[in-house]
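Here's the structure we're looking at; comments come further down.
The values are calculated or read from the model by the stated rules, or taken from the named source; none is laboratory data. Just so it is clear, the model here is predicted, and its values are computed rather than measured. Cβ placement follows ideal geometry from the backbone for every residue including glycine, while neighbour counts extend to all protein chains displayed.
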Amino acid sequence: MKPKKKLKASSRIPLRKFRVSQNKMVKLVLLVLCTLACTSQVFGESLESILARMDQSAPGFQGATAKLVLVNYTAILGDTTTERGTLQMQRQKSSDVRAIIDFSALPENARVVSFQGKSLKIYYPNTKEVQEYAVGKNADVLNQFLLLGFGSSGKDLQANYVISEKGTEAVGGRSTTKLQLIPKDAELKSKLSEVELWIPTDATYPLQHKFSESKASGNYRQVTYSDVQINPAQMKKPLEFKIPANTSKKKGD
């Protein structure tokens, strides 16, 4: 029997170096696991999943109420205004969407915006004046914006916008997936470069909207919602804003 060959000194791995290599391997594995965990949090719910949930909930949508915070940013002035109000929205049928946005509690520029059918009214309680606008052919566009995320189906959104999923963000302490919507209509896109929606994982309505005007202007409007109620009991009757008596009327341009 041939004697076993002894390992050369150069082929042996010192114990100390082996421990160092093992520690590096453990750190590498932990780094990979951490990266995978962080990646799943950043991307959040898939776009397909969100749109599918919207398709399921859209047929049952009748209306909504909420508190809202409206932020208007004017880039050329570097000016930001913040207003608080309430929203009531109702869908009688696809062509009959009604909404009342109430800012009457504001100390300045108090107003109530009422949209019904092809009529848009803005009531100013401090001056007891109402301005009426004939929406006409733009009624369908207004309906689309009012229902954007509230009662709109995933198929409707895909028909009118190029949609991208932009990761997760917390809004009002809730986890949401941010969606970017680019209008397909060229005329609309010239006035509205993009819309952003923040959809929570436990609902199909947005906790936040952001409407960005043309990229050249840099202006935007952002609406954040809270205390959202879907299909509340008071929505069983047709939503209507009654103009107080002794109110002067003016036709808007």
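Below is a table of values for the structure above.
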read-out: Within the stretch 212-249, tally of residues that are without any contact (Cβ under 8 Å) to a residue 24 or more places away in the chain and not hydroxyl-bearing (S, T, Y); value: 8
read-out: Single match in G167, G117 (criterion: among the small types (G, A, S), surrounded by fewer than 16 Cβ atoms within 10 Å (Cβ to Cβ) and either within 19 Å of S46 (Cα to Cα) or at pLDDT 85 or above (or both)); value: G167
read-out: Number of positions in the stretch 63-92 that are in contact (Cβ under 8 Å) with a residue 24 or more places away in the chain and not in a strand (DSSP E or B); value: 2
read-out: Out of K166, K215, K189, sole residue that is charged (D, E, K, R) and either in contact with a Cys (Cβ under 6 Å, 6 or more places away or on another chain) or assigned to a loop (DSSP other than H, G, I, E, B) (or both); value: K215
read-out: Test: residue in the stretch 145-159 that is at pLDDT 90 or above, in a loop (DSSP other than H, G, I, E, B) and under 29 Å from Q116 (Cβ atoms); value: yes
read-out: Residue in the stretch 229-250 that is of a type in the set (S, T, Y), closer than 29 Å to Y124 by Cβ and out of contact with any Leu (no Cβ under 9 Å at 6 or more places or on another chain) present; value: yes
read-out: Meets criteria (on the phi < 0 side of the Ramachandran plot and surrounded by 15 or more Cβ atoms within 10 Å (Cβ to Cβ)) for T176; value: yes
